[in-house]
Amino acid sequence: AQKVTQAQTEISVVEKEDVTLDCVYETRDTTYYLFWYKQPPSGELVFLIRRNSFDEQNEISGRYSWNFQKSTSSFNFTITASQVVDSAVYFCALSELRSGGSNYKLTFGKGTLLTVNP
Amino acid sequence: KAGVTQTPRYLIKTRGQQVTLSCSPISGHRSVSWYQQTPGQGLQFLFEYFSETQRNKGNFPGRFSGRQFSNSRSEMNVSTLELGDSALYLCASSPETGGTNTGELFFGEGSRLTVL
């Protein structure tokens, strides 16, 4: 069975600090996708990134960066120079692929509540 | 481009009643999934529809059901409501193109159900 663990339940930082959100996953699949979503108070889950299991290159998008390491089954997310607007719950997720390769369902971690204080 | 629209946004029901939630996917998206979010269990997959057919179902009792219409709009129904069904129900659509798309899910803002 697939499992995603986000050990950090809550993190509180002061604006402009860097913060890393941890994600560890378990799967028997050799082909899978990893995702990060942001959930602001409005409730809508906002897609941030998708990474497939064959691509271990780190990715940077503005103040956001992701570190994927298959050797440790981790997919960590770093926000550089955090801002108050970054305050939200962040979810890491793992997709289980159906035959044919298309996305089946996401298994989510329990989420990390990030609070960025001014 | 309009996002995923869910109605109603909030509703209150009593135990034993039933409820129907509606989801309109992004135009052109044919895959619709439903997730339940609770403080205790987190986000859990309910089911997924594609071209009016349920393709997959999560580990929920038969009281939870859904359907998809020819225009890709979807509804989910929960019968004989229990207190534990209180949750945020999230709908997501995906630009499934038939076999090779592993694209991300686009979520709506959810329907928050309270069962008293």
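Put simply, of A:N117, A:N76 the only residue that is away from chain B (no Cβ under 13 Å) and buried (at least 17 other Cβ atoms within 10 Å of the Cβ) is A:N76. Note on the stretch A:32-62: residues that are over 24 Å from B:Q6 (Cβ atoms) and open to solvent by 70 Å² or more (accessible area, probe 1.4 Å) amount to 6. Going residue by residue through the stretch B:78-86, is there one that turns out to be open to solvent by less than 40 Å² (accessible area, probe 1.4 Å), without any contact (Cβ under 8 Å) to a residue 40 or more places away in the chain and among the polar types (S, T, N, Q)? No, there is no match, as no residue in the stretch B:78-86 is open to solvent by less than 40 Å² (accessible area, probe 1.4 Å), without any contact (Cβ under 8 Å) to a residue 40 or more places away in the chain and among the polar types (S, T, N, Q).
For every residue, the table says whether it meets (1) at pLDDT 95 or above; (2) closer than 24 Å to B:Q37 by Cα.
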{"site": "A:E59", "(1), (2)": "no, no"}
{"site": "A:S65", "(1), (2)": "no, no"}
{"site": "A:F75", "(1), (2)": "yes, yes"}
{"site": "A:T80", "(1), (2)": "yes, no"}
{"site": "A:C92", "(1), (2)": "yes, yes"}
{"site": "A:N103", "(1), (2)": "no, yes"}
{"site": "A:T107", "(1), (2)": "no, yes"}
{"site": "A:K110", "(1), (2)": "yes, yes"}
{"site": "A:V116", "(1), (2)": "yes, yes"}
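Among the residues of the stretch B:29-54, just one is more than 20 Å from B:L116 (Cα to Cα) and without any contact (Cβ under 8 Å) to a residue 12 or more places away in the chain, namely B:G42. Residues of the stretch A:22-29 include at least one that is open to solvent by 60 Å² or more (accessible area, probe 1.4 Å) and within 14 Å of another protein chain (Cβ to nearest Cβ). Set side by side, the residues A:F54, A:F35 differ, and just one is within 14 Å of chain B (Cβ to nearest Cβ), in contact (Cβ under 8 Å) with a residue 60 or more places away in the chain and of a type in the set (F, W, Y), which is A:F35. If you go through the stretch B:60-85 and pick out every residue that is part of a loop (DSSP other than H, G, I, E, B) and under 14 Å from the mean Cα position of the chain (by Cα), you end up with 5. Scoring B:F107 on the criteria (1) in contact (Cβ under 8 Å) with a residue 60 or more places away in the chain; (2) open to solvent by 10 Å² or more (accessible area, probe 1.4 Å); (3) under 25 Å from A:K38 (Cα atoms) leaves a single failure, condition (2). Examine the stretch A:62-69 for a residue that is under 19 Å from A:E96 (Cα atoms) and within 14 Å of chain B (Cβ to nearest Cβ), and state whether such a residue exists. No, because not a single residue in the stretch A:62-69 is under 19 Å from A:E96 (Cα atoms) and within 14 Å of chain B (Cβ to nearest Cβ).
Which of the residues belonging to the stretch A:1-20 are over 13 Å from A:A93 (Cβ atoms), open to solvent by less than 60 Å² (accessible area, probe 1.4 Å) and hydrophobic (A, V, I, L, M, F, W, C)? A:I11, A:V13, A:V19 - these are the residues of the stretch A:1-20 that are over 13 Å from A:A93 (Cβ atoms), open to solvent by less than 60 Å² (accessible area, probe 1.4 Å) and hydrophobic (A, V, I, L, M, F, W, C).
The values are calculated or read from the model by the stated rules, or taken from the named source; none is laboratory data. These figures come from a predicted structure and were not determined experimentally. Cβ: placed from backbone, ideal geometry, glycine included. Neighbour counts: every protein chain shown. Keep in mind that these areas ignore ligands, DNA and RNA; they rest on the heavy atoms of the full protein, side chains included. Shrake-Rupley method; radii C 1.70, N 1.55, O 1.52, S 1.80 Å.
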